[in-house]
Every structure is written in C-alpha cells, then in structure tokens.
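> Provided herewith is a single structure, encoded as structure tokens, for subsequent inquiry.
Read the figures in this text as sums done on the coordinates, not as results from a lab. Note that the structure is a prediction, hence the values are computed from the model and not measured. Glycine also receives a Cβ, built like all others from the backbone with ideal geometry; neighbour counts cover every protein chain displayed.
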Amino acid sequence: MDAWLKRKGKIELASIENMIKWFKDREGKVTYSMNSRLGPNSYDCSSAVYFSLIAGGFLPSGTGIGNTDSLFALEGSLLTAVSRSSVKRGDIFVAGYKGSSGGAAGHTGVFLDNKNIIHCNYTKNGIATTPAEGWMGDYSGLPVYFYRLKVADKYPSTPFDKNVTVIKADWTRWADLDYGSKLGVTKLGSVYKAKSIFTAHGSKYYDLYSDGKFAGYLNVDGAKELKAVSAGDIYVSAKSPNYNIWGNFYFTEKKGNTSKFEDGLVYRAKYKYTLGDGVSYYSLYQKDEWMGYLNTNATMEVPAVSTNDIYVTAINDTYNIWGDLYWKEKLGNTSKMSDGIVYKAKYKYTIGNGRTYYSLYRGDSWKGYINANAMRVMNATSFNKKVKINGGPNVYNIWKDFYWSTSAGKNTDAKFVGKVVTAKYSYLLGNDATYYSIYDGDTWIGYIRKGAVTVQ
C-alpha cells in the first residue's frame with residue numbers, strides 16, 4: 001500500500017473531492033443492500049467507501065472491496081487516526097469494535113465537514129447526506145473512530161483558526177490544492193473560518209469553512225483576518241427598522257431585527273468589525289448578554305450629553321424609572337408625582353426613535369433613566385421679596401434639598417416663627433407646589449413651601 005501511494009503520479013491523482021464526487025453522483029440514486037453491495041445499483045456502507053477511495057485515487061483500481069474490519073486494517077498505512085474535534089472534509093469515520101465490526105455490527109462513511117457526513121445507510125435506503133451525530137453508529141452505542149487519509153496531508157499546513165473576510169472578488173475557491181475543480185468564486189466582504197494555512201505550489205492558501213461547511217481553498221491574498229476593534233463600549237441605538245441582527249458573519253443565523261426600533265432599541269457596542277467590502281458591524285451587548293452583530297448603518301451613537309446639573313420634576317405619574325437603557329430593570333416610577341418628585345438630571349441621551357432620557361441623581365447617588373416627557377425642567381425664577389415665616393396652623397419643613405432628605409427645621413420652630421427672610425428664588429414643582437429659596441442676609445436657609453410664608 002505505502003509503495004503504491006508513494007509512486008510518482010499517484011499522489012497527484014489522489015483527490016478528496018473526487019472521492020466525495022463519487023458519493024454525490026450516486027446520492028439518492030442507488031439503494032442500500034448488504035447482499036448486492038458491489039453496485040452499480042446498490043451498495044452497503046463499507047463498499048461505498050471502498051469504491052469512493054478508488055475513485056479518488058487513494059486505492060488502486062481492482063482493489064478488493066472490503067468491509068469495516070478491513071478499513072480498520074488500513075490504519076497506519078492509508079489512514080491516520082485523528083480526534084473528533086479536528087475532523088474535516090474528506091476524513092472517514094468507522095464505527096464498531098475492531099475485529100468484529102462486519103455486517104450490521106459496524107458503519108462507515110465520509111465527512112463533508114465537521115458536522116455532516118455522506119454515507120450509504122439502511123435508514124435512508126441508499127446514499128444520503130446527514131448530520132454526523134446520531135448517524136455514525138454512535139446512536140447504537142458503537143465506538144466510533146476517525147481517520148484522515150495520509151495522502152490528504154501532502155501539503156504542509158499550520159493551524160490558523162480565525163475568521164477572514166474576502167478583499168478580492170471573483171477569486172477561485174478551489175476544491176483541492178491541485179486545482180482539480182472549483183467550488184466557486186469569492187464575493188467581496190464574505191466571511192469564512194480559515195482553520196489552517198496550507199503551502200502549495202509556492203503559494204499559501206486558507207482552507208475556508210462557512211458555518212462549519214467546507215467552502216474551498218483560497219489564496220491568502222484574497223482575504224484578510226477579520227479583527228475585532230474596540231468600539232469604546234458606547235451606547236448605540238437602532239434608527240431604522242430594516243436591518244437584521246445576526247448571530248454570525250455567515251449571515252445564516254438571525255438573532256433578531258430592528259423592526260421595533262420605535263420602541264427604543266439600545267445596546268452597548270463593545271467591538272466593531274469591518275468586512276472586506278467596507279461594511280462595518282457592531283458587536284452588541286445588553287449588560288453581559290451578547291445580542292449579535294448589527295450593520296453600523298442601522299445605528300446611531302447615543303452619547304451622554306451634559307445638562308449642567310439641572311433640576312427636573314415629575315409632571316406625569318405613569319412613567320417608569322429604568323436601571324438601564326434596555327428597559328429590563330425597573331428602579332422606580334413616577335406614581336407618587338403628587339408628593340413632588342425632583343431629581344438632578346446630569347446627562348441626557350437621545351435614542352434612535354427620537355426620545356430623550358435623563359440620567360437622574362440625588363446628590364452623588366444615581367437613580368436611573370427616565371423619559372424626558374415625564375419631567376419638566378425646574379428653573380429657579382427670580383423672586384427677591386421679603387417674606388415672613390408663619391408659625392402655623394400648618395407645619396412645614398424647611399428643606400436643604402428637593403429630595404426631602406435633610407431638614408433645617410420647621411416653620412413652627414421658635415427660631416423661625418415670625419422671622420422675616422428674603423425669598424430670592426421660586427421653584428414650581430410638577431405637583432404645582434411652589435417653593436421659595438430663602439436667605440437670612442447672605443446666608444442660605446433652605447427651601448420652604450409657599451403656604452408657610454406671607455409675602456411682606
């Protein structure tokens with residue numbers, strides 16, 4: 001066997017694609033039979049593999065058609081054992097116990113890629129392509145062995161295992177490195193997984209896979225590594241309803257779309273990828289959950305714009321206060337608007353649907369995000385009038401802030417009853433209550449409700 005494989009000319013003739021072509025030419029056209037297994041109208045699993053090895057040039061014409069046990073016997077000469085995880089197109093699986101795998105006690109076939117096989121099997125009554133898992137004989141508990149054809153490794157390779165994107169259109173994707181047949185041509189911007197870099201005929205080639213399926217060999221000058229560039233962990237918001245959110249760069253898995261952008265779709269863009277056609281995609285997150293890839297043309301950046309620490313007061317009692325801009329965590333609401341809800345709005349964010357949200361604080365404590373439509377800016381209106389603090393009958397706090405957290409005392413306290421002070425500014429809250437900012441000379445005292453004083 002080794003001597004035959006090494007003879008000049010035979011190695012060049014050996015072709016995985018020709019081996020697979022033998023299967024493909026008969027897929028759905030022949031039946032399964034262990035009694036009539038020598039073709040041309042029916043085969044069993046092992047006879048089909050033997051005939052394909054002959055068609056591919058890995059075994060000489062006239063080779064006896066063996067079974068799974070004789071395939072096991074080729075280990076070391078034609079077949080080299082490989083791990084399940086490293087299996088690639090053209091590798092062979094053989095299931096069964098070595099030495100006693102004949103007949104129904106074994107199964108074999110050829111991998112089209114790491115996840116799919118082509119084989120002649122009883123269930124499909126002929127040659128068919130199926131998933132590998134559950135179809136290799138593993139479904140019945142048989143041990144499964146994986147092999148690579150020695151001739152298939154005639155060109156040296158180094159592991160790569162990175163995504164690449166096509167930068168040259170209409171370059172050939174070769175089915176084999178001897179340029180025996182073509183699998184197609186490249187499309188600008190397409191993305192593949194390049195598992196290895198092969199050296200052949202003085203050039204280097206990527207072996208390309210699309211969503212786990214072998215897509216051919218491509219000269220490395222036709223593609224470049226697709227690298228993740230930091231996007232700065234910025235907020236971005238969808239601004240168009242016409243884009244899909246993808247789970248991969250093969251664009252075979254949809255994780256969502258932007259059809260509900262008017263509801264306010266906001267994400268964190270942690271990374272950006274630019275494909276070979278110049279189109280860029282953000283890698284989107286909501287907290288620690290990855291949401292997918294979205295064309296940057298579908299988004300707008302949502303920067304934090306300073307509001308210069310304005311006071312805002314609730315004017316509507318039906319809004320939620322959110323812990324994020326993804327609308328997943330509620331921190332509160334404005335249902336108690338009648339009590340006079342006031343915050344400092346330090347920043348504002350305008351998202352893709354045109355809505356603006358304030359980032360709310362009380363002191364240094366962040367309180368959440370709220371739709372600006374729920375709030376009114378609470379400006380200080382110049383008043384500058386003398387007022388006398390009433391000693392009753394109603395009792396009011398004199399507040400040090402509009403969050404009602406710190407009191408300077410009450411209007412009924414002896415030190416305040418009848419005291420004349422200057423109300424320099426007035427503030428109108430969302431519950432229509434007016435508060436004065438009062439001073440004793442140049443010393444600020446606090447905020448007092450309008451009903452607690454009499455204008456002099």
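> Taking amide H positions as placed 1.01 Å from N in the peptide plane, with prolines and chain starts having none, which residues 5 or more places from Met291, or on another chain, fall under 5 Å of its amide H?
Leu284, Tyr285, Gln286
> With axes computed from alpha carbons, what is the tilt in degrees of helix 45-55 against the longest principal axis of the chain, rounded to the nearest 10 within 0 to 90?
Tilt relative to the chain: about 80 degrees.
> Return the FRET efficiency for the residue pair Asp401, Asn248: r is the Cβ-Cβ distance, R0 is 56 Å, and the value is rounded to the nearest 0.05. Display every interim value, and only then the final one.
Numbers: r = 51 Å, r/R0 = 0.92.
Here the calculated transfer efficiency is 0.60.
> May I ask for the distance between the Cα centers of segment 17-83 and segment 156-205, given as a whole number of Å?
Computed from Cα coordinates, the inter-centre distance equals 28 Å.
> When the chain is fully extended, how far beyond the present Cα-Cα distance does Lys410 get from Asp277, taking 0.36 nm per residue of separation?
In short, 40.9 nm is gained.
> Here's another thing I want to ask about it. Would you mind checking segment 218-261 for residues with the amide N under 11 Å from a putative spin-label position 7 Å along Cα→C-beta of Lys168?
218-224
> Fully extended, how many nm does the chain gain between Asn41 and Asp364 (0.36 nm per residue separation, minus their Cα-Cα distance)?
In short, 108.2 nm is gained.
> Would segment 380-455 count as rounded, prolate or oblate if I go by the C-alpha gyration tensor, calling it rounded below 1.5 in a/c and otherwise prolate when a/b exceeds b/c, oblate otherwise?
rounded
> Report the local net charge at Asp138: Lys and Arg +1, Asp and Glu -1, summed over other residues whose C-beta lies under 15 Å from its C-beta. Don't jump to the answer; show the numbers that get you there.
On the way: positive: Arg84, Lys115; negative: Glu133.
Result for the neighbourhood of Asp138: +1.
> Along the Cα-to-Cβ line of Val455, 7 Å from the Cα, sits a label point; which residues in segment 366-382 have backbone N less than 19 Å from it?
Residues 379-382 qualify, since their backbone N sits under 19 Å from the label point.
> Also, I was wondering about something else. Mind listing the phi-derived Karplus ³J(HN,Hα) values for segment 198-209, rounded to whole Hz, using 6.51, -1.76 and 1.60 with θ = phi - 60°, and x for any glycine or proline?
Karplus values, whole Hz, x for Gly and Pro: 9, 10, 8, 6, x, 10, 10, 9, 7, 9, 9, 10.
> Can you compute the modelled spin-label distance between Tyr155 and Ser61, with each label point 7 Å from Cα toward Cβ, in nm?
Modelled inter-label distance: 2.7 nm.
> So how do Cys120, Cys45 line up by other beta-carbon neighbours within 10 Å, fewest first?
Values: Cys120 30, Cys45 26.
Ascending number of Cβ neighbours within 10 Å: Cys45, Cys120.
> Give the shape of segment 228-301 as rounded, prolate or oblate, defined through the alpha-carbon gyration tensor: a ≥ b ≥ c are the square roots of its eigenvalues, a/c under 1.5 means rounded, and otherwise the shape is prolate if a/b is larger than b/c and oblate if not.
rounded
> On to the next question. Just to check I understand the Karplus step: with θ = phi - 60° and J = 6.51 cos²θ - 1.76 cosθ + 1.60, what whole-Hz values come out for segment 379-385, glycine and proline as x?
Result, rounded to whole Hz: 7, 7, 9, 4, 10, 6, 10.
> Same structure, new question: For a quick protection proxy, order the peptides 106-114, 363-371, 237-245, 66-74 by their average other-Cβ count within 10 Å, most packed first.
Packing order, densest peptide first, comes out as 106-114, 66-74, 237-245, 363-371.
> Taking the alpha-carbon centroid of each part, what is the distance from segment 295-321 to segment 240-259 in angstrom?
26 Å
> Under the 0.36 nm per residue contour assumption, what length would be gained going from the current alpha-carbon distance of Asp138 and Lys24 to full extension?
38.7 nm
> Additional query: Listed here are the pairs Lys388/Lys415; Lys424/Lys450; Lys115/Lys187; Lys386/Lys424; which of them are more than 18 Å apart at the Cα?
Lys115/Lys187
> For Gly340, what is the net charge nearby, where nearby means another residue's Cβ is under 10 Å from its Cβ and Lys, Arg count +1, Asp, Glu -1?
Result for the neighbourhood of Gly340: 0.
> On to the next question. Apply the a/c threshold of 1.5 to the C-alpha gyration tensor of the chain and tell me whether it is rounded, prolate or oblate.
Prolate, because a/c is 1.5 or more and a/b exceeds b/c.
> Right, next: If you take every residue apart from Ser426 with its C-beta less than 13 Å away from the C-beta of Ser426, what net charge results, scoring Lys and Arg +1 and Asp and Glu -1? Please report the intermediate quantities before stating the final value.
On the way: positive: Lys385, Lys424, Arg449, Lys450; negative: Asp432.
Here the charged neighbours net out to +3.
> Hey, with R₀ at 56 Å, roughly what FRET efficiency would Ser86 and Tyr439 work out to, going by the Cβ-Cβ distance, to 0.05?
Approximately 0.10, to the nearest 0.05.
> Then there is this: Once amide H atoms are built 1.01 Å from N in the peptide plane, which residues 5 or more positions from Tyr145, or in another chain, come under 5 Å H to H?
Those qualifying (amide H under 5 Å, at least 5 residues apart or on another chain) are Val94, Ala95, Gly96.
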